[in-house]
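> Take a look at the following structure, please.
The values are calculated or read from the model by the stated rules, or taken from the named source; none is laboratory data. These numbers were taken from a predicted model, which means no experiment stands behind them. Virtual Cβ from ideal backbone geometry, glycine too; neighbours counted across all protein chains shown. Surface areas here come from the heavy atoms of the whole protein model, side chains and all, with no ligands, DNA or RNA. Shrake-Rupley method; radii C 1.70, N 1.55, O 1.52, S 1.80 Å.
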Amino acid sequence: MESDRRAGAVIAAMGAYVPKQVVDNNALARTLDTSDEWIYARTGIRRRHVAGPEETTATVSQRAAEECLRAAGFPAADLRWVLVSTDTPEMWNPASACFVQAGIGATQAVALDVTGGCSGFVASLGMARALAERGDPVLLIGCEVLSKAMDWSDRSTAVLFGDGAGAVLVLPADAARGLAIEAVYARTDGRDADILGKPYGGTRNPITPELVAGGHHHRIVMNGQYVFKHAVLRMAEAAEEALRIAGVGLEAVDWVIPHQANQRIMDAVADRLHVPREKVFSNVEEYANTGSASIGIALVEAIQQGLIRPGHNLLTVAFGSGFSWAGAVLRTEVVVPVGADLV
Ligand code: UT7
């Protein structure tokens, strides 16, 4: 009965996958006017994982989904929702989630994509929690295959991104123990929608032979310094608001798991919040900015490294195109099983 249900939802298991092809900064410096020194000093990135010819958003998502379900021992056929948060979909239509749903055999699940920028995964966690609270098992995957959707000749963006996926199984709180989703705070300010994004190929700027001939149909538009400034301010806001909703003080946060866009952004957010930088998990050096996938991959690695213990409060924060930003507070009831095929 609904009234008997313990309110809330938990992340019961996690999975992650990154492609095995690695492109380091020196490889980029062979074709672009850039250097390992510049990239590392400005971003903290040394290398990124890049999809192979056969790998797509659906296959990369599916790998993370399979790792997650295997770790959980949860049958795909029992899922009610498969959500894929991505800005680099399999195709225009149908949703990437449809291919994942078929691939994993989630025959009873509704499959939908969310296009929510780099904070889409955290915002979608709020949706997953709402769905799970009414009793529905949800598989949420954050995935990007940015390597097939960006302009590799543009040094201002090509050095920043990588591919991968992170997946979480979200269940009603009375069905499992895990990372209790205590609070999710998410906001959007569409007045800055044109500052960061990939404007070509949609209905405003359809692909034309001229656009393709110019080589710019994959161009990512970004005012880097403006994005940087707002990312720091908004991630700090998301942290404070999510903690306020959860009723958890900053001093009680054991680990901050931020979106992995740039080490300097993570450091600036930590400093603004007066959180020691040692409490902020980072793997941007290895994977670069994997958009919606970054927090899932980071959480999985933090668990694999034994950093997360029962009782720990985790704070995730992200910022991305839209502008959109989001934060979530997770309380570790038990350390959840993870499956991963990473480095
Ligand atoms: O998930 C959200 C997605 N986006 C972001 O998070 C990006 C946020 N912004 C940033 O991370 C930083 O703004 C960047 C890493 C993109 C750039 O760092 P910056 O310290 O803001 O550099 P800048 O844009 O001020 O550029 C400094 C110089 C410029 O040259 P001049 O004008 O000083 O001669 C750029 O042309 O660095 C040049 N530059 C490069 N040089 C070598 C830009 N990209 C490169 C490059 N290699 N790859």
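> Under a 1.4 Å probe, what is the accessible area of the chain per residue, stated in Å²?
Values: 14060 Å² over 343 residues.
It amounts to 41 Å² per residue over the chain.
> Modelling each spin label as a point 7 Å along the Cα-to-Cβ direction, I'd like the Gln21/Glu285 distance in nm, to one decimal.
Between Gln21 and Glu285, the simple spin-label model gives 2.6 nm.
> Please identify, among Asp113, Asp174, Asp33, the residue showing maximal mean-square fluctuation in a Gaussian network model of the chain using a 10 angstrom Cα cutoff.
The residue that fluctuates most here is Asp33.
> Further question: Find the centroid of the Cα atoms in the stretch 239-303 and in the stretch 64-83, then give the distance between the two in whole Å.
Cα centroid to Cα centroid, the span is 26 Å.
> Between Gly311, Gly166, Gly214, find the one with the highest GNM mean-square fluctuation for the chain; connect C-alpha pairs within less than 10 Å.
Gly214
> Follow-up question, since we're still on this one. Among Ser35, Ser96, Ser292, which one moves the most in a GNM of the chain with springs linking Cα atoms closer than 10 Å?
For the chain, modelled as a Gaussian network with Cα springs under 10 Å, the answer is Ser35.
> Could I have the simple spin-label model distance between Gln304 and Asp254, label points 7 Å from Cα toward Cβ, reported in nm to one decimal?
Distance between label points: 2.0 nm.
> OK, next. What figure, in Å² to the nearest 10, do you get for the accessible area of Glu67 with a 1.4 Å probe and non-protein molecules left out?
My reading of the accessible area for Glu67 is about 20 Å².
> Can you list the aspartates and glutamates whose alpha carbon sits under 15 Å from that of Lys148, skipping same-chain ones fewer than 8 residues off?
Of all the aspartates and glutamates, those that pass the test against Lys148 - Cα under 15 Å, at least 8 places apart if same chain - are Glu54, Glu55, Asp87, Glu90, Asp163.
> Sticking with this one: Quick one: what are the phi-derived ³J(HN,Hα) couplings along the stretch 290-307, Karplus 6.51/-1.76/1.60 with θ = phi - 60°, whole Hz, x for glycine and proline?
9, x, 4, 7, 5, 6, x, 5, 5, 4, 4, 5, 4, 5, 4, 7, x, 7
> Here's a follow-up. Hey, could you pull the Cα Rg and Dmax for the stretch 15-138, both in Å?
Every Cα atom of the stretch 15-138 included, Rg and Dmax give 17.3, 53 Å.
> Spin-label point model (7 Å from Cα, Cβ direction): what's the Ser153 to Glu333 distance in nm?
Taking the simple label geometry, Ser153 and Glu333 are separated by 5.4 nm.
> Further, regarding this structure: With a 1.4 Å probe and all protein chains in place, put Glu66, Glu285, Glu333 in order of accessible area, largest first. Walk me through the numbers before you get to the answer.
On the way: Glu66 55, Glu285 80, Glu333 25 Å².
Per-residue accessible area, sorted high to low, gives Glu285, Glu66, Glu333.
> Where the accessible area of the chain is counted over protein heavy atoms with a 1.4 Å probe, how much of it, in %, is carbon and sulfur? Please list the in-between numbers first.
Details: 7220 of 14060 Å².
The computed percentage sits at 51.
> Okay, next question. Provide the per-residue ³J(HN,Hα) series for the stretch 152-158, in order, calculated from phi with Karplus coefficients 6.51, -1.76, 1.60 and θ = phi - 60°, each as a whole number of Hz, with x at glycine and proline positions.
6, 9, 9, 5, 6, 10, 4
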